Structure formats: structure tokens, C-alpha cells
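What follows is a single structure, written as C-alpha cells, with notes after it.
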Amino acid sequence: MKLRPVLLVVVLLTGFYVATTHLASTGALAPLLSALHLGSGSNGGNAPIGAFDLNVASAAPSFDNEEQQNIAVYKKALPSVVNITSTEVRFDFFYGPVPQSGQGSGFILNKDGLILTNNHVINNAQRVEVTLSDKHKYKATVVTVDKSHDLALLKISAPNLVPATLAESSSGLTVGQRVYAIGNPFGLSGTMTRGIISAIRSIRGPENNPIEDAIQTDASVNPGNSGGPLLNSRGEVIGITTMIASNGADQSSGIGFAIPINTAKAVLDDFAKYGRVRRPTLDIVSIPISPDIAQQIGLAADYGVLIERVLPGGAAEKAGLHGGTQRAYEGNTPVMLGGDLIVAFDGKEIANPQDLSAEMNAKRAGDTVTITVFRGHRKMDVRVTLSDAKDKALGPQA
């Protein structure tokens with residue numbers, strides 16, 4: 001009888017040994033251990049854990065006035081904005097053709113399929129494709145380009161096009177005014193960013209072309225935005241996004257520039273009338289005048305545009321306007337002083353180069369205008385027939 005407890009202990013120990021060495025290694029104990037684990041109160045496995053107590057709004061929130069305006073601008077402008085893909089064929093070291101694609105933006109001008117974009121978006125391209133906001137793609141033809149203003153006119157054949165609404169004028173734009181940019185940065189179609197007008201200033205464009213009265217904005221602009229619209233708070237196009245100030249970085253730095261819509265309208269008008277741009281010019285090299293400079297060199301007025309040089313055979317020289325005769329230096333830059341000081345254009349005051357540019361944009365090559373100048377301290381009017389800037393070298397001239 002004393003052997004029975006001993007046998008029971010041996011059986012138990014044998015069973016424990018088999019369970020821990022054989023069954024555990026094969027995973028046969030996993031269901032049992034899982035059940036024991038769940039029974040301990042932890043949330044293992046896939047068992048239901050009951051309803052959550054969440055704080056959920058009773059209704060979808062309404063948009064505030066600012067959000068409503070953002071949405072309204074986007075909905076109005078988006079159908080007019082297009083994505084442009086240009087393909088240029090280059091050749092490798094072994095003269096094998098290597099297609100290279102670039103992307104940009106543009107916007108629809110009319111139901112006939114005319115599209116405005118930057119020239120640098122499609123420059124040297126052998127094939128151009130346009131993708132609408134509804135994702136449909138169309139082959140585009142290049143109608144004409146204006147390299148001096150970095151603008152290009154494309155055409156597609158597509159139904160139900162939605163033209164953009166152009167602002168009446170860009171001459172009344174104000175620093176601090178809210179603006180919106182819609183385009184395809186990095187190929188991300190239909191992207192809208194918002195900012196303000198940071199400044200109105202003259203700059204050099206991507207092809208070193210002069211852009212007068214360029215709209216500077218802090219709305220985020222990146223590669224792929226070029227050629228897209230810059231909009232006011234009514235969804236009207238006030239400019240064509242054209243470049244970023246990047247300090248060598250290929251991304252937004254918070255400083256973007258757009259060609260003003262007044263310039264684009266003048267170019268489009270020339271396209272319609274002549275098939276090319278007839279950009280008027282005075283054929284002068286000039287420098288702006290401030291009160292400090294006027295005082296230093298003894299000018300008769302503390303504002304205006306000083307003619308530094310008249311180009312040989314140009315409009316100004318033919319009309320009898322005078323360039324400078326005295327060499328001086330502005331910092332390390334040599335300038336010629338003693339020329340005529342332009343203070344009015346057809347009776348409108350010219351305080352700076354931007355004023356002169358605005359008046360010139362309203363004219364055409366071949367127009368005759370009255371230029372009011374100070375020659376020394378004598379005020380006089382000079383009749384000038386504007387010449388055509390076509391095929392003339394770009395430079396700091398008007």
C-alpha cells in the first residue's frame with residue numbers, strides 16, 4: 001500500500017516532463033496558454049473588448065468666412081488650370097536619343113482651347129501634352145512664344161473647356177493683398193497655396209529676361225508651378241507664376257514671382273493682331289532717380305528716369321533725346337551722368353522705371369508719344385516714335 005503514493009508521484013513527474021519538453025516544443029500547449037492568458041484580464045487575441053466611450057461632435061462643423069473664401073476660389077479656378085508635360089529629346093555620349101520630360105502649369109484662356117503658360121515650360125520641347133483637371137490628356141501645339149516676356153501660347157482640341165477669368169488690371173495691386181497660386185508643384189496636380197503680395201518689383205526672369213512690375217509673393221511656389229495662375233480673392237488671374245528665389249535650392253524659399261496680367265494681356269493683344277509681339281521701346285539705357293541721388297548730382301527734379309545712354313539709330317536718338325556725357329560710379333558700377341531726365345510720358349508723371357514700364361505696356365511699336373524731360377534745369381517736351389524691340393538684344397533698356 002505504501003507503493004501507491006510513490007507511483008502517483010512518478011506518474012505526475014513523467015507527465016510534467018513530457019508536457020514541458022515535447023508538447024511545448026510542438027506548440028500543442030499554445031491554445032491552452034492563450035486561454036489562460038486571456039483569462040487573466042489582458043486583451044490578447046481577437047476577442048471583443050466592448051464599446052469605446054468617444055467624444056464625437058453632434059454635427060459637421062460649418063466653414064468660417066476665410067475657409068469659405070478659400071474653397072470658393074479653388075472651385076472657381078481649378079477647372080481652368082492645366083498640367084503641362086513637355087518632352088525634349090537630347091543625346092547621350094554615344095549620340096543615342098534620350099527623352100527628357102519636364103512639368104509645368106498653365107491656364108485655359110477660351111473655349112477654343114488656347115492655353116497660356118511660361119515659355120521656359122515648353123522651350124525646345126518636341127512633344128507637349130496637356131492634362132485637364134478631369135485627368136483627360138490632350139496633345140498640344142505651340143501657337144507662338146514670346147521669349148522676352150517668358151510667355152507661350154498653346155492650343156488643344158477638347159470639349160467643355162472652362163476659361164479662366166482674368167482680372168481687369170494688375171496696376172492696382174497692393175502689398176498685403178491676399179493671393180492664391182494653383183498649379184502642379186512636383187507633379188502634384190491641383191495644388192493650391194495661399195499668401196500675400198510681398199512686393200511689386202522689377203526682376204530678371206528664368207532666361208535673364210526683364211520682368212517689369214513682377215508680383216512677389218510668399219504663397220508657396222515650387223518647380224511645376226511655373227505658368228500657373230496667381231489669383232486674387234475673387235478667383236481672377238492677376239499674374240502668371242514664373243519663378244522662385246531659391247538661393248540654389250530647387251524648392252520654395254517663401255519668395256515667388258509672377259508676371260503681371262497687364263503684361264500678359266499686352267502680349268496676347270500683339271499675338272492676336274500681328275502673330276508676334278511688337279514690344280515698344282525707347283531704345284535707352286536708364287537709371288532710376290531717388291531724392292538722395294538727385295541732390296548729389298544736382299538734378300532739377302528728385303524723381304524720374306535718367307537717360308544714361310541712347311542706343312545708336314534708336315527711337316530716342318532719332319527724336320533728339322540725350323544720353324549722359326560724364327562718367328561716375330554708383331558703388332562699383334560705372335554710370336554716365338548729364339543725360340535727359342524723363343519725368344512724364346504723355347502727360348502722366350514718371351516717378352520710377354515701373355511707371356515708365358506701365359505706360360510703355362499700354363503702347364505699341366510705331367506709336368508716337370510725348371516724353372517730358374529736364375535737360376539740365378530746362379523742362380521740355382519731345383515727340384518720340386516708339387520702335388520695335390523685336391530681335392534687339394535684351395538689356396536694362398526701356
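Could you check, for the stretch 125-147, whether at least one of its residues is of a type in the set (S, T, N, Q), part of a loop (DSSP other than H, G, I, E, B), at pLDDT 95 or above and in contact with a Gly (Cβ under 7 Å, 6 or more places away or on another chain)? So far as the stretch 125-147 goes, no, none of its residues is of a type in the set (S, T, N, Q), part of a loop (DSSP other than H, G, I, E, B), at pLDDT 95 or above and in contact with a Gly (Cβ under 7 Å, 6 or more places away or on another chain). Of all the residues in the stretch 204-231, those that are under 19 Å from Pro79 (Cβ atoms) and either surrounded by fewer than 20 Cβ atoms within 10 Å (Cβ to Cβ) or among the hydrophobic types (A, V, I, L, M, F, W, C) (or both) number 2. Annotation: of all residues in the stretch 141-159 being surrounded by fewer than 24 Cβ atoms within 10 Å (Cβ to Cβ) and among the charged types (D, E, K, R), the one that is farthest from the chain's Cα centre (by Cα) is Lys155. Evaluate the following for Tyr303: is it of a type in the set (Ser, Thr, Tyr), assigned to a loop (DSSP other than H, G, I, E, B) and free of Cβ contacts under 8 Å to residues at least 60 places away in the same chain? So Tyr303 fits the description; yes. Annotation note: of Gly339, Gly366, the sole residue that is part of a loop (DSSP other than H, G, I, E, B) and surrounded by 20 or more Cβ atoms within 10 Å (Cβ to Cβ) is Gly339. Can you find, within the stretch 148-178, the residue that is nearest to Arg279 (Cα to Cα) among those that are in contact with a His (Cβ under 9 Å, 6 or more places away or on another chain) and part of a loop (DSSP other than H, G, I, E, B)? Per the stated criteria, the residue is Asp150. Pairs meeting the criteria (first residue in the stretch 199-210 and part of a strand (DSSP E or B), second residue surrounded by fewer than 16 Cβ atoms within 10 Å (Cβ to Cβ) and among the charged types (D, E, K, R), beta carbons under 9 Å, at least 6 apart or on different chains) are Pro210/Arg204.
Look through the stretch 375-385, keep the residues that are surrounded by fewer than 18 Cβ atoms within 10 Å (Cβ to Cβ) and among the hydrophobic types (A, V, I, L, M, F, W, C), and return whichever of them is nearest to Ile297 (Cα to Cα).
Narrowing the stretch 375-385 to residues surrounded by fewer than 18 Cβ atoms within 10 Å (Cβ to Cβ): 375-383, 385.
Of the ones still in play, those that are also among the hydrophobic types (A, V, I, L, M, F, W, C) are 380, 382.
Numbers: Met380: 20, Val382: 23 Å.
This residue is Met380.
Scan the stretch 342-363 for residues that are part of a loop (DSSP other than H, G, I, E, B), free of Cβ contacts under 8 Å to residues at least 60 places away in the same chain and more than 14 Å from Ile293 (Cβ to Cβ) and the total you get is 3.
From the list Val267, Val310, Val237, which one is assigned by TED's automatic domain parsing to the domain that holds Pro206 and touching a His at 6+ places or on another chain (Cβ under 9 Å)? Exactly one residue qualifies, and that residue is Val267.
So in the stretch 308-336, with the set limited to residues that are in a loop (DSSP other than H, G, I, E, B) and of a type in the set (S, T, N, Q), which one is nearest to Thr281 (Cα to Cα)? Spell out how you get there, then give the answer.
First, the residues of the stretch 308-336 that are in a loop (DSSP other than H, G, I, E, B): 311-314, 320-325, 331-332.
Going one step further and asking which of them are of a type in the set (S, T, N, Q), we end up with 325, 332.
Values: Thr325: 22, Asn332: 28 Å.
This residue is Thr325.
Of all residues in the stretch 53-85, those that are exposed (fewer than 12 other Cβ atoms within 10 Å of the Cβ) and of a type in the set (Val, Ile, Thr) total 1.
The values are calculated or read from the model by the stated rules, or taken from the named source; none is laboratory data. None of these values were measured; they are calculated from a predicted model. All Cβ positions, even for glycine, are placed from backbone atoms using ideal geometry, and neighbour counts span all protein chains on display.
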